[in-house]
Amino acid sequence: MKVVLLAGGFGTRISEESHLKPKPMIEIGEQPILWHIMKQYSAYGFNEFIICAGYKQHIIKEYFADYFLHTSDITFDFTQGKNDVVVHHNSSEPWKVTVVDTGLNTMTGGRVKRIAPYVGSEPFMLTYGDGVSNVDIGKLLAFHKSHGRLATMTAVNVGQRFGVLDISEEGRINSFREKQNDDGAVINGGFMVLQPEVFDYIEGDSTVFEKAPLERLADEGQLMAYRHEGFWQCMDTQRDHQLLEKLWASGQAPWKVWAD
């Protein structure tokens, strides 16, 4: 199953760093947050990724183009007119990565629509390139398969920063609504599993995936919530970045579910 990562936005709320690079390429512990997300999926056996790039997309492409060199011990031999490269140790990941330029100003739904040819007619996973979690991907997928609806999103409770979800006892998402001051409701944490029919709910580049497509899926009873009570944190601001950096430096980052 392929994993689709949304990584094309401008990241204006963390412009201190995103003016130089796409937000998913901002580093935590000397590796982009995008790498951390991919490592989590890889720990559960998902190693084929489609990255929806846009803003400064060349930086993402260059990162993966040089990834093998950056993670290996290499001798460059220029003696006697040679130009040989000898790889002594290779610690690169078992990943297949497709980076797609989905447009500079394309909305999230439009980006998903554009990568449909790369996904094909199979179910796929989708998440944001700026949030880490210790959600159990295996259990998430099992939950999606169990209910038979078109879409599953991971629901997390992080206070009052975002719009909230109305979820039935069985897990069906009934509607979206704006946050209220006394809310303790759950929000969309990404880490979605989607059937390919979801592409039909997206009109084009101007479609915001979190609006009409998800709202229509909810209205039709086709959107389910996988409740995650563990760690989840987006990197929306510089303060968020500093928090994640501190957790990683402590050696106790909750999202690190892979072995060294």
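Read-outs throughout are calculated quantities, based only on the coordinates presented, and are distinct from any laboratory measurement. Quick caveat: nothing in here was measured; it's all calculated off a predicted structure. When we count neighbours, we look across all protein chains shown, and the Cβ atoms used for this are built from the backbone with ideal geometry, even at glycine.
DSSP assigns beta bridges within segment 1-105; of those with both partners inside it, close to 40 percent run antiparallel.
Backbone amide hydrogens, once placed in the peptide plane, bring Ile187 within less than 5 Å of Val156, Asn157, Val158, excluding anything fewer than 5 places away on its chain. Couplings 3J(HN,Hα) for segment 98-107, derived from phi with the Karplus relation 6.51 cos²θ - 1.76 cosθ + 1.60 (θ = phi - 60°), are 10, 9, 10, 6, 9, x, 6, 10, 5, 7 Hz, where x marks Gly and Pro. Bridging of Lys246 to aspartates and glutamates at a Cα separation below 16 Å is possible for Glu27, Glu30, Asp236, once same-chain residues fewer than 8 apart are set aside.
Summarising the strand pairing of the chain, around 50 percent of its internal DSSP beta bridges are antiparallel.
In segment 57-104, one over the average inverse separation of all distinct C-alpha pairs is 12.9 Å, which is the Kirkwood hydrodynamic radius. Checking the cross-link pairs Lys56/Lys82; Lys23/Lys96; Lys21/Lys82; Lys21/Lys256; Lys23/Lys145 against a 27 Å limit on the alpha carbon distance flags Lys56/Lys82; Lys21/Lys82; Lys23/Lys145 as lying beyond it. For Ile28, the amide hydrogen comes within under 5 Å of the amide hydrogens of Ile33, counting only partners 5 or more places away or on other chains and with H modelled in the peptide plane.
For Ile74, nonlocal amide neighbours, meaning residues 5 or more places apart or on other chains whose placed amide H falls under 5 Å from its own, are His88. Neighbour counts of C-beta atoms inside 10 Å place Asp130, Asp240 in the sequence Asp240, Asp130, starting with the fewest.
For GluC sites (Glu not before Pro), the sites in segment 1-39 that DSSP calls loop and that have at most 15 other Cβ atoms within 10 Å are Glu30.
In a fully extended conformation the segment linking Glu197 and Asp240 would gain 12.0 nm over its present Cα-Cα distance, using 0.36 nm per residue. Straight-line cross-link reach from Lys39 at under 12 Å between alpha-carbon atoms covers these aspartates and glutamates, not counting any fewer than eight positions away in the same chain: Glu48, Glu93, Asp260. Across segment 3-83, Cα pairs under 8 Å and at least six residues apart give a relative contact order of 34 percent.
Put in order of Cβ neighbour count within 10 Å, fewest first, the listed residues Cys234, Cys52 become Cys234, Cys52.
Which listed residue (Pro24, Gly103, Asn83) has the Cα farthest towards the positive end of the charge dipole for segment 1-148, taking +1 on Lys and Arg C-beta and -1 on Asp and Glu C-beta about the Cα centre? Farthest along the dipole direction, towards plus: Gly103. In this structure, His58 and Lys145 have a Cβ-Cβ separation that, at R0 = 30 Å, corresponds to a calculated FRET efficiency of about 0.20. Residue by residue, segment 37-49 carries 3J(HN,Hα) couplings of 5, 5, 4, 5, 4, 4, 4, 9, x, 9, 10, 10, 10 Hz when phi is fed to the Karplus relation 6.51 cos²θ - 1.76 cosθ + 1.60 (θ = phi - 60°); x denotes Gly or Pro. Using θ = phi - 60° in the Karplus curve 6.51 cos²θ - 1.76 cosθ + 1.60, the 3J(HN,Hα) couplings for segment 207-221 round to 7, 8, 4, 6, 9, 3, x, 5, 5, 5, 4, 5, 4, 8, x Hz; x is entered for Gly and Pro. Taking other residues whose beta carbon is less than 15 angstrom from the beta carbon of Ala53, and scoring Lys, Arg as +1 and Asp, Glu as -1, yields +3.
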